[in-house]
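The structure appears below as structure tokens.
None of the figures in this text is laboratory data; all of them are computed from the coordinates on show. Just so you know, these numbers come straight off a predicted model, no measurement behind them. Cβ: placed from backbone, ideal geometry, glycine included. Neighbour counts: every protein chain shown.
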Amino acid sequence: QVHLVESGGGLVQAGGSLRLSCEASGLTFSHVAMAWFRQAPEKERKFVASINWNGGTSYGADSVKGQFVISRDNAKRTVYLQMNSLQPEDTAVYYCAARSSIWGSPYQSEYYYWGQGTQVTVSS
């Protein structure tokens with residue numbers, strides 16, 4: 001059974017940083033692309049960033065380019081999201097997801113496995 005468990009969320013002041021982690025089990029982690037999505041209150045879930053199987057290729061939404069960095073450690077079966085210069089508009093539940101492909105994608109429908117999410121709240 002596949003499990004994705006996010007951690008690292010919390011409350012941070014504007015301008016601060018957080019690093020989210022997502023540990024995977026039940027799948028061959030080095031064979032799948034991973035991604036982060038987020039859902040702000042009363043809004044649809046949106047793509048944040050994705051990374052291919054070996055970390056050699058990553059993509060980020062325009063809204064987070066230069067601010068968030070996605071990375072992975074296949075030995076630890078973990079994907080990370082380093083979030084810098086956080087602003088109140090970054091407040092959301094952040095989800096990690098796994099895709100049955102070595103290549104990342106910005107489309108939610110192409111990710112089969114999802115974590116439960118971790119709350120990030122940025123105060124002004």
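The HN-Hα couplings worked out from phi for segment 114-124 by the Karplus form 6.51 cos²θ - 1.76 cosθ + 1.60 (θ = phi - 60°) are 9, x, 7, x, 9, 7, 10, 10, 10, 8, 8 Hz, whole numbers, x standing for Gly and Pro. For segment 29-124, the relative contact order comes to 33 percent (Cα pairs under 8 Å, sequence separation of at least 6). Over all other residues within a Cβ to Cβ distance under 12 Å of S30, the charged ones net out to +2, with Lys and Arg as +1 and Asp and Glu as -1. Remark: the H31-A14 segment gains 2.5 nm on full extension, using 0.36 nm per residue and subtracting the alpha carbon distance. The trypsin sites (Lys or Arg not before Pro) of segment 1-108 that DSSP puts in a loop, and whose beta carbon has at most 12 other beta carbons within 10 Å, are K43, K65. The region of the chain that goes longest without hitting one of the GluC sites (Glu not before Pro) in a DSSP loop, each with at most 13 other Cβ atoms within 10 Å, is 45-124. Between S109 and S85, the FRET efficiency estimated from the beta carbon spacing at R0 = 22 angstrom works out to 0.15. Computed from backbone phi with θ = phi - 60° and the Karplus coefficients 6.51, -1.76 and 1.60, the 3J(HN,Hα) list for segment 98-103 is 10, 10, 7, 7, 7, 10 Hz; x is used for glycine and proline. Of the chymotrypsin sites (Phe, Trp or Tyr not before Pro) found in segment 62-119, the ones in coil according to DSSP and having at most 12 other Cβ atoms within 10 Å of their Cβ are Y107. Sequence-ordered 3J(HN,Hα) estimates for segment 28-44 from the Karplus curve with 6.51, -1.76 and 1.60 and θ = phi - 60° stand at 7, 4, 6, 9, 10, 7, 10, 8, 10, 10, 9, 10, 7, x, 6, 10, 6 Hz, glycine and proline given as x. Ordered from longest to shortest, the equivalent ellipsoid semi-axes for segment 18-109 are 21, 13, 12 Å, each the square root of 5 times a Cα gyration tensor eigenvalue.
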